[in-house]
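One structure is given below, encoded as structure tokens.
The values are calculated or read from the model by the stated rules, or taken from the named source; none is laboratory data. Owing to the predicted nature of the structure, the values given are computational and were not obtained by experimental measurement. Heads up, the Cβs are rebuilt from the backbone with ideal geometry, glycines too, and the neighbour counts pull from every protein chain shown. We work out accessible area using only protein heavy atoms, side chains counted, and drop any ligands, DNA or RNA first. Shrake-Rupley method; radii C 1.70, N 1.55, O 1.52, S 1.80 Å.
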Amino acid sequence: MSVLTGSERRRIDTAARALRRVPAQGSPEAVLDALARCAPIVCGSVGTMSGRESNSIVSHFIRLPPEVSEGWVTTPRAHLTRMLSSLVPASPGTLISDTEAITGHFREELVLLQRLRAAGLGEGAGYKVSARPTEAGTRAHRFMTFALDDGQTFTREHHHLLAQLQPAVHAALDRLCVPLVASQSILAQIVEEQTIGFMCLSKNRAIVETNERFHELVMRFSHAASVEGGRRVLLQFVERILDETRGQRVWCLQHKDGAAQVKISTHHLAKESHLVGEDVQLVMMQEFSAHPPARPLDLAGLTGREQEIARLLIEKGLSCKQIADHLAVSPRTVGKHVENIYRKRNVHSRPELVALFR
């Protein structure tokens with residue numbers, strides 16, 4: 001590690017003090033402002049990836065223009081996985097610029113980069129914050145993404161300074177509970193299981209936070225919602241949801257193939273009663289099979305406990321937390337059993353498991 005100059009040390013100390021002053025229910029923008037003392041960062045996001053693939057990503061956006069936020073959410077899963085592949089094994093404090101990680105034809109294919117340029121933004125980068133075990137037995141990788149003004153680039157000095165600030169960044173994000181799901185009971189289940197799509201919106205209907213499952217369901221049910229495809233399909237769908245769920249109504253849509261349906265609801269999360277920096281509107285989308293299992297469950301090869309949990313998953317539609325409460329065991333234990341069920345049936349999600357018995 002190279003020796004810090006006096007000027008670099010002062011910048012790090014100033015940024016670290018600013019990070020330590022970020023209050024528990026403060027704004028994530030304060031973290032960005034602190035880091036901007038050591039790199040010319042103008043906007044970005046905080047994300048967690050709690051599984052092995054990008055369908056477990058939850059993203060919290062900070063000052064990103066709406067078209068860029070939607071561009072991130074609607075980036076194809078394979079592209080997201082490739083974009084973040086270098087961050088997963090990276091050590092905390094590592095900064096990887098997009099010019100390093102995204103090259104050749106892949107760079108030309110990414111609509112997200114085109115939207116960044118159209119918004120007057122330049123080089124971007126991913127910053128590894130931490131990695132921790134989850135109750136489901138996987139690891140949750142927390143990362144930040146940064147964007148600079150057009151024409152600016154990350155230098156070796158920026159990499160070096162941001163690496164020194166990783167402990168303070170980690171502590172600040174933990175105090176803020178960003179992404180929101182870190183300590184919110186209403187959202188914790190959503191993140192661990194990834195069976196429910198969710199999006200949090202600010203008062204002016206800007207995207208605050210969302211998971212990849214939400215986008216997947218929007219794409220699947222956009223035809224049923226009479227939403228045309230295109231660049232703004234996500235935001236158009238959200239506008240329809242807010243209209244259809246006014247007055248605490250639940251909006252149900254059936255897929256065009258008739259095999260699945262989705263239940264959509266909205267909930268107000270007030271700053272005073274939740275650990276969030278501002279009042280947000282929570283939009284939830286949950287998919288169900290439109291038909292009960294058409295034939296008896298073939299649970300051969302599963303243990304007795306796995307068979308019991310499989311029935312609760314498929315026939316009752318219970319969540320892992322509900323199953324844990326029903327069986328008086330921990331959610332972690334249920335998560336392990338569910339992983340074993342998926343592995344033995346060669347599936348990766350609840351909808352795939354249910355589809356085996358249609």
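Odds and ends about this structure:
- Accessible surface ranking for E228, E212, 1.4 angstrom probe, highest first: E228, E212.
- Percent accessible area from carbon and sulfur atoms, segment 88-184, protein chains only, probe 1.4 Å: 51
- Non-local lysine pairs in the chain, meaning eight or more places apart or on different chains, with alpha-carbon distances under 22 Å, amount to 8.
- Integer Hz, Karplus 6.51/-1.76/1.60 couplings in order for segment 9-25, x for Gly and Pro: 4, 5, 5, 5, 5, 5, 5, 5, 5, 5, 5, 5, 7, 5, x, 4, 10
- Axis of helix 331-345 versus longest Cα principal axis of the chain: the two differ by about 70°, to the nearest ten degrees.
- Using alpha-carbon coordinates, inclination of helix 233-244 to the longest axis of the chain, degrees: 60
- Rounded if a/c under 1.5, otherwise prolate or oblate - segment 13-155, Cα gyration tensor axes: oblate
- Highest mean packing comes first when the peptides 326-339, 37-50 are listed by Cβ atoms within 10 Å, giving 37-50, 326-339.
- Area of H79 that stays accessible when all protein chains are in place (1.4 Å probe, Å², to 10): 40
- By average C-beta atoms within 10 angstrom, highest first, the peptides 201-207, 245-251: 201-207, 245-251
- The chain: angle of helix 166-176 to the longest principal axis, Cα-based, in degrees nearest 10: 50
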